[in-house]
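Heads up, the thing below is written out as structure tokens.
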Amino acid sequence: MPTGNRILSRALLPLVVAALPVVLLLSSLRTLHEVETQRTIYLRHRVAMLAARLEYLPPAASAEAVYDALGADDPFLVGLEIISRGGPSDRPALAPLWDGRELFRTEMLAARGAEIFRAYVPFHSAGEPRIARIDLNTAAADFLTEHARHNVIVSSIGGVVLIALSILAIWAVRRASLLRIKQMEMEHLAHIGKMSAVLAHEIRNPLGTIKGFAQLAMESGDARTRELLRPALAETERLEALVNGLLAYGRAPHPVPRPVAWSDVAARLAAHAGQIAGARPVRIAIPEAGPNLQTDPDILGQALLNLLRNAIEAIPSATEGEVRVEAAARAGAVAIAISDNGTGIPPQVRQRLFEPFHTTKAFGTGLGLATTRKLIASLEGELELNDRPGGGTEALIRLRGAALPATPVVTTYGNPADR
């Protein structure tokens, strides 16, 4: 699928899924409204039939007799009152009915634990206009509403279940796709790592020979020879750095966790910071105060040196910058932040930060961040690169379960098996 279509489908799919419940709800509400309308029409029709019968009843009949006569035909009749014009029951509010401006007036009431449909209907009895107030129990129209409401509820529940299943299916498909993509990326990176290790071993020996003879020629040659060999030796050293990077990326780290004090890690970083900065006017702050850790100091130190180098190189050479390294224990984990006030990360580069061999540096290998994340992952940690509000970048490392109580720790570097 083309990229544009894929982006469009990802944008429309959540909208469609979100619109389904809204459409279902609106449809249910509309159905219920139509059912209520039909119920009101039916009750009006039933009241009109009762009012029509009043015109044929004897005018002298009592209200009780009229009620009994109508109630015998309609068991849902719960109230009846005959109102004469100017009588004690006449009210100013009924004036529109007397004048013919209204032919029917209805309202819903709650009385005696039931819902009552009350209607005021004008009629004539022996040539005299009268108004009948007729009260019907709305249960007379239940046969219209019960099944309709039941069907609406059942269809709504079924629709909600189908929507939930659809969302679950979409989530499962997308998750399976993401896992498949992740698996393909891991296989691709593993293949690159193996290939890099093989190439690095094949290049390392002849490269060492070339570098050795170039150094020997520079030592024994005259000034012109040394001038000609200096660029060759510099390029050889750059190739050597690339080979070392390939070996570091292709080699699987094997951490040996042990107690280490942050002050020792900070001292190791400070010892290399000046060499990395060189002549750059960069202030590097590495406080010695920090938590004790349970980790591999060699692997952690290599990862921190890579991030420290990136932070220093992110500051323009002619600009006075600042790089700060801080560590703190948080809920059993250790958070290490390396921040700078450099140029930051361009948006078009952020998506490919950890991709091997992708670099924006003129002489970079593109393996630094990829290798660093691999080293940190071997320590059961996570690496994030975030933009700082005032400009620059913050590299944040979280090492889960690496915090130790604040007790003195004796730290030694190197693999214990080598001692």
_Selection count, the stretch 268-282, where residues are more than 41 Å from the chain's Cα centre (by Cα) and either in a loop (DSSP other than H, G, I, E, B) or buried (at least 18 other Cβ atoms within 10 Å of the Cβ) (or both)_ = 4
*Among what's in the stretch 283-303 and is of a type outside the set (A, V, I, L, M, F, W, C) and in a strand (DSSP E or B), pick the residue that is surrounded by the fewest Cβ atoms within 10 Å (Cβ to Cβ).*
Arg283
*Taking the stated definitions as given, is Gly321 modelled with pLDDT of 80 or more, under 33 Å from the mean Cα position of the chain (by Cα) and of a type outside the set (Ser, Thr, Tyr)?*
no
_Restricting to the stretch 117-144, name every residue that is farther than 18 Å from Tyr56 by Cα, out of contact with any helix residue (DSSP H, G or I) (no Cβ under 7 Å at 6 or more places or on another chain) and surrounded by fewer than 20 Cβ atoms within 10 Å (Cβ to Cβ)._
Arg118, Asp135, Ala139, Asp142, Phe143
*If we scan the stretch 294-303, do we find a residue that is closer than 23 Å to Pro389 by Cβ and within 31 Å of the chain's Cα centre (by Cα)?*
no
*Residues being in contact with a strand residue (DSSP E or B) (Cβ under 8 Å, 6 or more places away or on another chain) and outside the structural domain of His45 (by TED's automatic domain parsing): count how many of those fall in the stretch 125-174.*
0
*Of all the residues that make up the stretch 164-207, how many are at pLDDT below 75 and either of a type in the set (Val, Ile, Thr) or surrounded by 12 or more Cβ atoms within 10 Å (Cβ to Cβ) (or both)?*
14
*Only one of (1) at pLDDT below 85; (2) in contact with a strand residue (DSSP E or B) (Cβ under 9 Å, 6 or more places away or on another chain); (3) not basic (Lys, Arg) is not met by Gly79, so which one is it?*
(1)
*Take the stretch 324-343 and flag every residue that is outside any strand (DSSP E or B), free of Cβ contacts under 8 Å to residues at least 60 places away in the same chain and not hydrophobic (A, V, I, L, M, F, W, C).*
Asn341, Gly342, Thr343
*Within the bounds of the stretch 151-174, is there any residue that is basic (Lys, Arg) and assigned to a strand (DSSP E or B)?*
no
*asked:* Quick check on this structure: which one of Ala403, Ala395 is at pLDDT 85 or above and within 18 Å of Ala333 (Cα to Cα)?
replied: Ala395
_Pairs with Cβ under 6 Å, 6+ apart, first in the stretch 43-62 and touching a residue at least 60 places away in the same chain (Cβ under 8 Å), second part of a helix (DSSP H, G or I) and surrounded by 12 or more Cβ atoms within 10 Å (Cβ to Cβ)_ = Leu43/Ala141; Leu50/Leu70; Leu57/Val66
*Could you please let me know if Ala93 is assigned by TED's automatic domain parsing to the domain that holds Phe104, farther than 25 Å from Arg149 by Cα and at pLDDT below 85?*
no
*asked:* Quick check on the stretch 306-323. Is at least one of its residues of a type in the set (A, V, I, L, M, F, W, C), touching a Leu at 6+ places or on another chain (Cβ under 7 Å) and assigned to a helix (DSSP H, G or I)?
replied: yes
*Go over the candidates Leu103, Leu57 one by one and state the one that is assigned to a loop (DSSP other than H, G, I, E, B), under 60 Å from the mean Cα position of the chain (by Cα), assigned by TED's automatic domain parsing to the domain that holds Ile41 and surrounded by 10 or more Cβ atoms within 10 Å (Cβ to Cβ).*
Leu103
*asked:* Criterion first (modelled with pLDDT of 75 or more and exposed (fewer than 11 other Cβ atoms within 10 Å of the Cβ)) does His150 satisfy it?
replied: yes
*When the stretch 135-150 is examined, which residues are found to be part of a helix (DSSP H, G or I) and touching an Asp or Glu at 6+ places or on another chain (Cβ under 9 Å)?*
Thr138, Ala139, Ala140, Thr145, Ala148
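The values are calculated or read from the model by the stated rules, or taken from the named source; none is laboratory data. All of these numbers come straight from a predicted model, not from anything done at the bench. Here Cβ is always computed from backbone atoms with ideal geometry, including for glycine, and neighbour counts include all displayed protein chains.
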